[in-house]
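The values are calculated or read from the model by the stated rules, or taken from the named source; none is laboratory data. Small disclaimer: the values here were computed from a predicted structure and weren't measured. FYI the Cβ positions are ideal-geometry reconstructions off the backbone, even for glycines, and counts take in every protein chain you see.
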Amino acid sequence: MSSVTIWQQIEATPLGTTIAEAELLFPTIETVHVIALVTVIGVIALMDLRLLGLVGGSKSVAAMERDTVPVVWTAFALALLSGGLLFVSKAATYMANPYFLWKMGLMLLAALNMAIFHLVWSKGMADWGRPGHQVPTAAKLSGLLSLALWMVIPLCGRIVGFTLGVYY
Amino acid sequence: MEWLFDLTEKLRGTQLVEFSLWVSDWPLAIWLQSHFLAIPGFQTLHIIAIAALFSTVLMLNLKIWGLTGGDQSLEAAYRRYRPWTWGALSALVLTGIVLLISEPVRNMVNSIFWMKMVLLAVAIAGTFAFHRSVRGQLATWEASPAGHATLRSGAIAVTLLWCAVITGGRWIAYAPV
């Protein structure tokens with residue numbers, strides 16, 4: 001008796017086979033994914049660069065956060081939805097790919113970094129940038145980590161595209 | 001999709017075939033082809049460059065639509081984002097040239113690649129014209145952000161143009177051959 005993994009079962013669902021078999025569906029969803037992820041990465045970087053004090057100094061950190069957070073969440077929801085659909089069509093192949101697993105792990109780390117920033121480091125953010133109030137070092141490091149993670153995450157994603165047949 | 005086949009077929013009859021084969025013998029092309037991380041690495045830099053371009057275009061356009069940037073003037077938003085839009089464009093073109101050299105035949109003898117190049121030219125011209133129009137309306141905008149229909153529609157048009165360029169980029173890999 002051969003054991004069928006949950007990932008193979010996901011692939012075999014009507015949704016999975018439809019996306020895998022329709023010629024134009026996969027690249028169409030991929031396109032939505034790219035537009036969404038490019039927005040996520042770029043807008044997060046605007047916030048990170050502001051935290052680091054490298055650019056956008058005329059704008060307060062709090063105002064930059066108000067501007068960027070809703071855009072990031074909207075685009076992230078779209079990236080998650082499109083990414084989920086791509087995943088369903090080749091679930092077992094992706095789960096066997098170490099670069100895909102790295103990508104998921106690093107995204108989890110980025111989410112954790114962001115959650116800690118909002119729960120802990122962002123206290124007193126309204127004052128940051130006012131005379132006598134610097135951006136705390138912990139918040140700057142959090143921005144730097146975010147910037148680095150969001151560069152490595154798309155790299156892992158791109159490598160997945162080149163190694164799909166290698167591991168499975 | 002028949003006309004895409006026909007366009008690729010026409011490209012096969014041009015000097016581009018010989019030219020792209022010649023480029024694929026360049027030392028840089030051979031280096032890129034023989035290092036596993038080189039092509040995904042430059043693709044990632046290309047993606048980061050379009051991320052910087054697209055997000056700064058989007059943020060300026062959201063400001064024009066009154067959805068963000070309530071704390072500052074249009075001029076401040078324009079000055080904040082404009083240099084990044086054009087700086088990212090140069091990074092985009094540079095990494096794009098490297099990617100073109102990495103797979104010359106796949107790109108140059110490809111109908112979708114050339115459609116992307118046309119879209120890119122239109123998007124650059126459109127963004128340039130849009131920025132000029134923003135500059136021209138900064139004073140009247142501060143007096144009252146109402147009206148300014150050309151800016152509002154221009155903002156949407158520019159965003160859609162860059163989405164079209166991104167779409168072209170993704171579909172190069174799916175060109176009918």
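When each of B:L119, B:L58 is tested for being surrounded by fewer than 22 Cβ atoms within 10 Å (Cβ to Cβ), part of a helix (DSSP H, G or I), within 14 Å of chain A (Cβ to nearest Cβ) and touching a helix residue (DSSP H, G or I) at 6+ places or on another chain (Cβ under 7 Å), the lone residue that passes is B:L119.
Could you check segment B:61-82 and list, in sequence order, the residues that are closer than 21 Å to A:L147 by Cα and at the interface with chain A (Cβ under 9 Å from one of its Cβ atoms)? Answer for segment B:61-82, where residues must be closer than 21 Å to A:L147 by Cα and at the interface with chain A (Cβ under 9 Å from one of its Cβ atoms): B:R80, B:Y81.
Might you check whether a residue that is in contact (Cβ under 8 Å) with a residue 12 or more places away in the chain, on the phi > 0 side of the Ramachandran plot and surrounded by fewer than 17 Cβ atoms within 10 Å (Cβ to Cβ) occurs anywhere in segment A:15-23? The answer is no, given that none of the residues of segment A:15-23 is in contact (Cβ under 8 Å) with a residue 12 or more places away in the chain, on the phi > 0 side of the Ramachandran plot and surrounded by fewer than 17 Cβ atoms within 10 Å (Cβ to Cβ). Restricted to segment B:25-40, and to residues there that are within 14 Å of another protein chain (Cβ to nearest Cβ) and among the aliphatic types (A, V, I, L, M), the residue that is surrounded by the fewest Cβ atoms within 10 Å (Cβ to Cβ) is B:L37.
Condition check ((1) modelled with pLDDT of 95 or more; (2) surrounded by fewer than 20 Cβ atoms within 10 Å (Cβ to Cβ); (3) within 14 Å of chain A (Cβ to nearest Cβ); (4) not in a helix (DSSP H, G or I)) across all residues:
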| residue | (1), (2), (3), (4) |
| --- | --- |
| B:T85 | yes, no, yes, no |
| B:N107 | no, no, no, no |
| B:H131 | yes, yes, no, no |
| B:A146 | no, yes, no, yes |
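Within segment A:75-118, the residues that satisfy the criterion of being within 14 Å of chain B (Cβ to nearest Cβ) and of a type in the set (A, V, I, L, M) are A:A75, A:L78, A:A79, A:L86, A:L106. Close contacts from segment B:154-175, counting a first residue that is in contact (Cβ under 8 Å) with a residue 24 or more places away in the chain and among the hydrophobic types (A, V, I, L, M, F, W, C) and a second that is crowded, with 20+ Cβ neighbours inside 10 Å and in a loop (DSSP other than H, G, I, E, B), with Cβ to Cβ under 7 Å and a gap of 6+ residues or different chains, come to B:I172/B:N110; B:A175/B:N110.
Scanning segment A:34-74 for residues that are buried (at least 19 other Cβ atoms within 10 Å of the Cβ), under 11 Å from the mean Cα position of the chain (by Cα) and more than 9 Å from chain B (Cβ to nearest Cβ) yields A:A36, A:V72.
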